Amino acid sequence: MKVDKLEQIIETMKKNSFTNLKYENDDTTIELNLPSVQRKTITNIVEPVKEVIDAKSNYIEVKSKLVGRFYSTLTSDKVPTLRINDEIKKGENLCMIESMNIEHIVKSEHDGVLKEVLLGEGDMVMYGQVIMRIEN
């Protein structure tokens, strides 16, 4: 299949809000999975995210407990909840991970200062992947 035909199929999928397509013939298999453009308003507060303290530094690595999409915004105004060098308290909302159209709020287990956010808005996040670093 030519690239321009594939691009045309992707555009058609986006226009019609399709998120998945699988095409097979004798010698070719193509599977497309596009991100969902609709976000449900169902919210689930998950247990505190696993945080690992790196012995070589004063940073705590916040790791994902889910596979999904990362969002630093917790409200519809699209303003990030936290910014670099913001002070964080134990139990404070850090971000959201959308998994299977359910929004999971990630909370901090430690006090500290946000030093690094490793993902962009809407990026895929894998289980155990470092999301952010907090200075202890």
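We did not get these values from a lab; they are worked out from the coordinates using the rules stated. None of the values given here were measured: they were computed from a predicted structure. With ideal geometry, Cβ positions are generated from the backbone for all residues, glycine too; neighbour counts draw on all protein chains shown.
A cut-off of 5 Å between modelled amide H atoms, ignoring neighbours fewer than 5 places along the same chain, links Q129 with S64. Using a simple spin-label model with pseudo-atoms 7 Å out from Cα toward Cβ, T12 and N93 lie 4.0 nm apart. Less than 5 angstrom separates the built amide H of E121 from none of the residues sequence-distant by 5 or more or on a different chain. Scanning residues 5 or more positions from K115 or on other chains, those with amide H under 5 Å from its amide H are N85, R133, I134, E135, with H placed 1.01 Å from N in the peptide plane.
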